[in-house]
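The values are calculated or read from the model by the stated rules, or taken from the named source; none is laboratory data. Only a predicted model underlies this, so the values are computations on that prediction, with no experimental measurement involved. Glycine also receives a Cβ, built like all others from the backbone with ideal geometry; neighbour counts cover every protein chain displayed. The protein model used for the area step is the full one, side chains on, heavy atoms only, and it has no ligands, DNA or RNA in it. Shrake-Rupley method; radii C 1.70, N 1.55, O 1.52, S 1.80 Å.
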Amino acid sequence: MDAPEVARATTAAGSIASSLGLAAEDAVVVHNSNKLTLRLLPCDVIARVAPESDQVAHFEVDLAGRLAAAGCPVAALDPRAAPRVHERDGFNVTLWTHYESAADAVPPSDYAGALARLHAGMKGLDVPTPHFTDRVEEAQQLIRDRDRTPDLVEEDRELLGDTLRNLRRSITGRGAAEQLLHGEPHPGNLLATKDGLLFIDLETCCRGPVEFDLAHAPDEVADHYPGVDHDLLRECRILMLAMVTMWRWDRGDQLPNGRALAAEWLGQIRAALGHAA
């Protein structure tokens with residue numbers, strides 16, 4: 001969000017919290033991209049704010065409740081507010097529990113255990129979600145849309161297009177078992193709290209093989225996850241890297257140092273595929 005929208009979103013979140021009896025005299029920006037994440041103080045609530053047109057918040061609130069009821073390691077909505085999406089001034093706002101960090105680093109075995117427990121709970125849920133190939137298609141659309149990716153040179157555009165197309169076909173062709181997934185269980189979406197490891201940001205959930213989720217975790221995590229198909233995991237890792245690299249070339253991308261990361265990741269993709277630099 002740009003600065004004026006951040007100001008409006010912050011005001012909306014604070015107003016909602018205050019209407020619920022939660023003191024919100026100050027707000028600290030935790031993360032700002034297509035959605036805004038705020039820590040409201042002194043009530044100490046995490047507010048996630050999105051444009052009203054973004055309806056994923058409704059899905060995320062419902063899924064968080066289902067997963068918590070199934071005993072999955074996920075962050076909880078703040079118990080002081082109704083578990084729903086609050087609307088104000090063109091924004092959807094959800095209110096979540098704030099957790100203090102209890103550790104700087106997460107052992108790979110603990111990471112794998114938490115992810116396995118999340119997958120076990122997700123496996124029993126029947127909720128409508130996109131397939132992981134729908135997310136691949138979003139990246140492929142960016143490749144085709146030169147107006148949105150004007151700075152991507154043709155050589156790199158061709159590399160990313162071929163990688164996404166070939167690996168999408170190869171992964172789906174394996175016929176691996178599929179289930180509900182987190183979608184992006186990378187370290188930034190895992191909290192180490194006094195209540196244990198908890199996953200956040202459920203809006204990216206999709207269906208696919210568990211190796212697609214493992215591709216977002218540090219490499220060592222897969223060594224502790226049961227029953228991994230390591231050939232499939234390798235393909236998922238390259239596919240994931242091609243997807244996130246493509247998103248960094250979107251002219252609307254707001255990730256700090258996004259282009260520098262994209263250049264670094266292009267080199268990693270070439271190396272993984274055995275291409276010349």
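Observations, loosely collected:
- Under 5 Å, built H, 5+ apart or other chain: amide partners of Glu178: none
- DSSP bridge orientation in the chain - percent antiparallel, rounded to nearest 5: 95 percent
- 222 nm mean residue ellipticity, helices alone, for the chain (DSSP H n ≥ 4; -39,500 (n - 2.57); rounded to 500): -14000 deg cm²/dmol
- Loop sites in the range 1-105: GluC sites (Glu not before Pro), DSSP, at most 16 other Cβ within 10 Å: Glu52, Glu100
- In sequence order, calculated HN-Hα J values of the range 16-22 (Karplus, 6.51, -1.76, 1.60; Hz; x Gly/Pro): 5, 4, 4, 5, 9, x, 9
- Rounded percent of accessible protein surface that carbon and sulfur make up, the chain, 1.4 Å probe: 50 percent
- Projecting label points 7 angstrom from Cα along Cα→Cβ for His58 and Leu125 puts them 1.7 nm apart.
- Listed residues Ile200, Ile143 arranged by accessible area, highest first, probe 1.4 Å: Ile200, Ile143
- In this Cβ point-charge picture (+1 for Lys and Arg, -1 for Asp and Glu), the range 142-240 has a dipole of about 320 debye about its Cα centre.
- In degrees, nearest ten, helix 154-173 long axis to first principal axis of the chain (Cα): 90 degrees
- Using the 1.4 Å probe convention, the accessible area of the chain works out to 47 Å² per residue with neighbouring protein chains retained.
- Three-way shape call for the range 173-277 based on the alpha-carbon gyration tensor, with the a/c threshold at 1.5: oblate
- The range 102-212: C-alpha gyration tensor shape, a/c 1.5 cut-off, then a/b vs b/c: prolate
- Placing unit charges on each Cβ (+1 for Lys and Arg, -1 for Asp and Glu) gives the chain a dipole about its Cα centre, and among Gly21, Ala50, Pro83 the Cα reaching farthest toward its positive end belongs to Pro83.
- In this rough spin-label picture, where each label sits 7 Å from Cα along the Cβ direction, the Ala105-His186 distance is 2.0 nm.
- For the chain, the alpha carbon positions stretch 59, 43, 35 Å along the principal axes, listed from largest to smallest.
- Note that the range 77-83 has calculated 3J(HN,Hα) couplings of 5, 5, x, 7, 10, 4, x Hz, one per residue in order, obtained from phi through the Karplus relation 6.51 cos²θ - 1.76 cosθ + 1.60 (θ = phi - 60°); glycine and proline are x.
- Taking a Cβ cut-off of under 12 Å around Asp126, the surrounding Lys, Arg, Asp and Glu residues balance to a net charge of +3, with basic ones at +1 and acidic ones at -1.
- Each Lys and Arg contributes +1 and each Asp and Glu -1, all at the Cβ; summed about the Cα centre of the chain, the dipole is approximately 320 debye.
- Nearest-0.05 FRET efficiency for Asp195 and Leu273, computed from C-beta distance (R0 45 Å): 0.65
- Building the convex hull from the alpha-carbon atoms of the range 3-97 and averaging its projection over directions returns 5.7 nm².
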